[in-house]
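Right, one structure below, let's go through it.
The values are calculated or read from the model by the stated rules, or taken from the named source; none is laboratory data. Note that this is a predicted model, so its numbers are computed, not measured. Cβ placement follows ideal geometry from the backbone for every residue including glycine, while neighbour counts extend to all protein chains displayed.
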Amino acid sequence: MKDLANCPRCGNLFVKAFTNVCNDCKRELDKHFETVYKFIKKRDNRMATMKQVVEATGVSEEDITRFVKEGRLKTSQFPNLDYGCEQCGTRISEGRLCDSCRGQIDSGLKAEAAEKEVAERQEKEEHEKANRAYGTLNRYIDKGNE
């Protein structure tokens, strides 16, 4: 069953199937894409920066960033269409995070995994120690019953 959602752009209710925006906003985004693409496909404009494209087309940086993230505009063809890292704002041309933020997250995950491994090892050792003590107690009781 398809989900109902509010469009993040206009707030209207729509059936969320293949896109994250309503049909009206999808059509508007497609028009914006055509406007941007017509501008940057011209040889003179291929090296335009994000700011220059925004000023020349009137399309928001958010929409142009969406086109880059969706892969509709390739930064290999238009290298100056960069956008901000979602965590720190450093200008990047692919993905959601810069190398530095991605590295911080990776190192945090590795540290968390290492802590978890140490805790599991300690728990296992305590369990084995308890089992040895229980075994010693049972042998002592068995000797007393003989």
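Here are the numbers for the structure shown:
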read-out: Those residues of the stretch 79-96 which are surrounded by fewer than 17 Cβ atoms within 10 Å (Cβ to Cβ) and more than 19 Å from residue 41 (Cα to Cα), in sequence order; value: 84, 86, 87, 88, 89, 90, 91, 94, 95, 96
read-out: Long-range neighbours under 6 Å by Cβ, at least six apart or interchain, first residue of a type in the set (Lys, Arg) within the stretch 74-102, second part of a loop (DSSP other than H, G, I, E, B); value: 91/82; 96/86
read-out: Matching entry among 34, 28 (being farther than 17 Å from residue 78 by Cβ, modelled with pLDDT of 95 or more and of a type in the set (D, E, K, R)); value: 28
read-out: All positions within the stretch 42-72 that are crowded, with 17+ Cβ neighbours inside 10 Å and in contact (Cβ under 8 Å) with a residue 12 or more places away in the chain; value: 48, 50, 53, 57, 59, 63, 64, 66, 67, 68
read-out: Matching residues, the stretch 1-38, being part of a strand (DSSP E or B) and either under 26 Å from residue 49 (Cβ atoms) or of a type in the set (Asp, Glu) (or both); value: 3
read-out: Subset of the stretch 1-37 (residues that are touching a Cys at 6+ places or on another chain (Cβ under 6 Å) and either exposed (fewer than 12 other Cβ atoms within 10 Å of the Cβ) or not polar (S, T, N, Q) (or both)); value: 7, 9, 10, 14, 21, 22, 25
